[in-house]
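Encoded as structure tokens, the structure appears first; notes follow it.
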Amino acid sequence: MCGIVGYVGSQSALEVVMAGLKRLEYRGYDSAGVAVLADGGLAAGKKAGKLVNLEKELVDRPLPTGGTGIGHTRWATHGGPTDANAHPHLDNAGRVAVVHNGIIENFAALRAELTERGHDLASETDTEVVAHLLAEEFSSCGDLAEAMRLVCGRLEGAFTLVAVHADEPGVVVGARRNSPLVVGVGEGEAFLASDVAASSRTRAPRSNSGRTRSSSCAATG
């Protein structure tokens, strides 16, 4: 099962997310990646193999410092354990990043639709279609939480999704359908994770069964 961590707050998102991913290593995985919002943009790094490979990648190609970020440890289902298939997945403009646990059963049909509309998908995964669909919906509504709700209405299967958008630097959005999602709220910060073990900092964590909204975190069930 894949591991997911999302953070928004005053701390370094990269440090918080990487610490959370290390706590989730017990779940088993074959690749890992992170994305951070900073300076009006989105930066990501990902590598096949263990977290140590990602850590080396981040030393060689450091990400900017920011307070909003997401991370993922992947257990391959659609596509092998490669750098390209590792999460997060981005849209073509590099403004949306998404991580995912579960299976999107109708991804092949969605991928075909996106390709017909001119999208260039770079991986073999079912997850990447979500990044492109979120980008389309966001361009219309300008709200990542609403875009996520609209996209989830088109997805079939059981899944957890966590996403960020460069145009909403203080927001992390999560959604789930028959798959775990833990939401935690601290002093001026918020967390999303696939497992409460991802964060020892979270205050009053709970498995999300509805919709939780703070100034910085939204989750839909």
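Could you grab me the full set of residues in the range 49-89 that are within 18 Å of ARG23 (Cα to Cα) and in contact with a Gly (Cβ under 9 Å, 6 or more places away or on another chain)? Selection gives LEU54, GLY69, ILE70, GLY71, HIS72, THR73, ARG74, TRP75, HIS87. Given (1) among the charged types (D, E, K, R); (2) under 23 Å from LEU134 (Cα atoms); (3) in a strand (DSSP E or B), where does LYS47 come up short, assuming only one miss? So the condition that LYS47 fails would be (2).
The residue list ALA93, ALA109, ALA97 contains one member that is under 23 Å from ALA193 (Cα atoms) and among the hydrophobic types (A, V, I, L, M, F, W, C), which is ALA97.
If you take the residues of the range 103-117 that are assigned to a helix (DSSP H, G or I) and closer than 21 Å to ARG74 by Cα, which of them is least open to solvent (accessible area, probe 1.4 Å)? Spell out how you get there, then give the answer.
Step one: of the range 103-117, the residues assigned to a helix (DSSP H, G or I) are 107-116.
From what is left, the residues that are closer than 21 Å to ARG74 by Cα are 107-108, 111.
Details: PHE107: 39, ALA108: 63, ARG111: 64 Å².
Applying the filter and picking the extreme gives PHE107.
Scanning the range 20-58 for residues that are farther than 27 Å from ALA93 by Cα, of a type outside the set (Ser, Thr, Tyr) and free of Cβ contacts under 8 Å to residues at least 60 places away in the same chain yields LYS22, GLU25, GLY28, LYS50, VAL52. Scanning the range 68-102 for residues that are out of contact with any Ser or Thr (no Cβ under 6 Å at 6 or more places or on another chain), open to solvent by 10 Å² or more (accessible area, probe 1.4 Å) and on the phi < 0 side of the Ramachandran plot yields TRP75, ALA76, THR77, GLY80, THR82, ASP83, LEU90, ASP91, ASN92, ALA93, ARG95.
The values are calculated or read from the model by the stated rules, or taken from the named source; none is laboratory data. Remember, predicted model here, so these are calculated numbers, not experimental data. When we count neighbours, we look across all protein chains shown, and the Cβ atoms used for this are built from the backbone with ideal geometry, even at glycine. Calculation scope for accessible area: heavy atoms of the full protein, side chains included, ligands and nucleic acids excluded. Shrake-Rupley method; radii C 1.70, N 1.55, O 1.52, S 1.80 Å.
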